[in-house]
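What follows draws every value from the coordinates through simple rules; no lab data is involved. On a predicted model such as this, the values are computed, not experimentally measured, just so you know. As a convention, Cβ positions derive from the backbone with ideal geometry for all residues, glycine included, and neighbour counts pool all protein chains shown.
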Amino acid sequence: LSFPRLSPAIIVRIQRDNQLLLAHNHRFPKGRYSILAGFVEPGETLEEAVEREVEEEVGIRIRDIEYFASQSWPFPNSLMLGFTAKYAGGEIRVDDEELSHADWFSVDNLPDLPPVISISRQLIDAFLERQRRQSDDEG
């Protein structure tokens, strides 16, 4: 009896008021932005991985980490676990190793986003839908 090897990765949507933190990875097509992601290190919880990746990639603090959904990932033995979090403080400091730019974006100034089938886009679309509903309720 053998058990499958699994390499978990996290992806996190970070919200500050009515804005999302989106970043351009060096591997992305020109102009494409997404939310932050990274692999879980041995010995850390998923939540610790979320906090560590955010700190390493953009240097900010987050709070209220919540599970969103999971998706198999196009690499062998990988599972992407999606989370949401809220901004808790700090200024964006981009880790040039993986990212070329990161910033806060609102519904009316979004860059090119990942394909609809991706969990990153599902996380982004859930935020956008909630923002539109709030806007409709207020209007």
The rounded separation in angstrom of the Cα centers of segment 106-132 and segment 1-74 is 15 Å
Surrounding net charge for Q134, when Lys and Arg each add one and Asp and Glu each subtract one, Cβ distance under 14 Å
-3
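Label segment 51-139 by shape, choosing from rounded, prolate and oblate, from the square roots a ≥ b ≥ c of the eigenvalues of the Cα gyration tensor; if a/c is under 1.5 it is rounded, and otherwise prolate applies when a/b is larger than b/c, oblate when it is not.
Details: a/c = 1.59, a/b = 1.16, b/c = 1.37.
Note, shape of segment 51-139 comes out oblate.
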Using only Cα atoms and rounding to the nearest 10 degrees, what angle (0 to 90) does helix 119-138 make with the longest principal axis of the chain?
30 degrees
Neighbour net charge for F105 - beta-carbon separation under 13 angstrom, K R +1, D E -1:
-1
Angle, helix 46-58 long axis vs. longest principal axis of the chain, Cα atoms, 0 to 90°, nearest 10?
60 degrees
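For every helix of n ≥ 4 consecutive DSSP H residues, a contribution of -39,500 (n - 2.57) applies; sum these over the chain, divide by its total residues, and give [θ] at 222 nm rounded to the nearest 500 deg cm²/dmol. Provide the component values of the computation, followed by the final result.
Numbers: 2 runs with 33 residues, N = 139.
Computed mean residue ellipticity for the chain: -8000 deg cm²/dmol.
Please work out how much length the chain gains when fully extended from R32 to S100, using 0.36 nm per residue of separation minus the C-alpha to C-alpha distance, in nm with one decimal. Mind showing how you got there, number by number?
Details: separation 68, 0.36 × 68 = 24.48 nm, distance 1.11 nm.
Fully extending the segment from R32 to S100 adds 23.4 nm.
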Using amide H atoms built 1.01 Å from N in the peptide plane, name the residues 5+ places from H101, or on other chains, whose amide H lies under 5 Å from its own.
H24
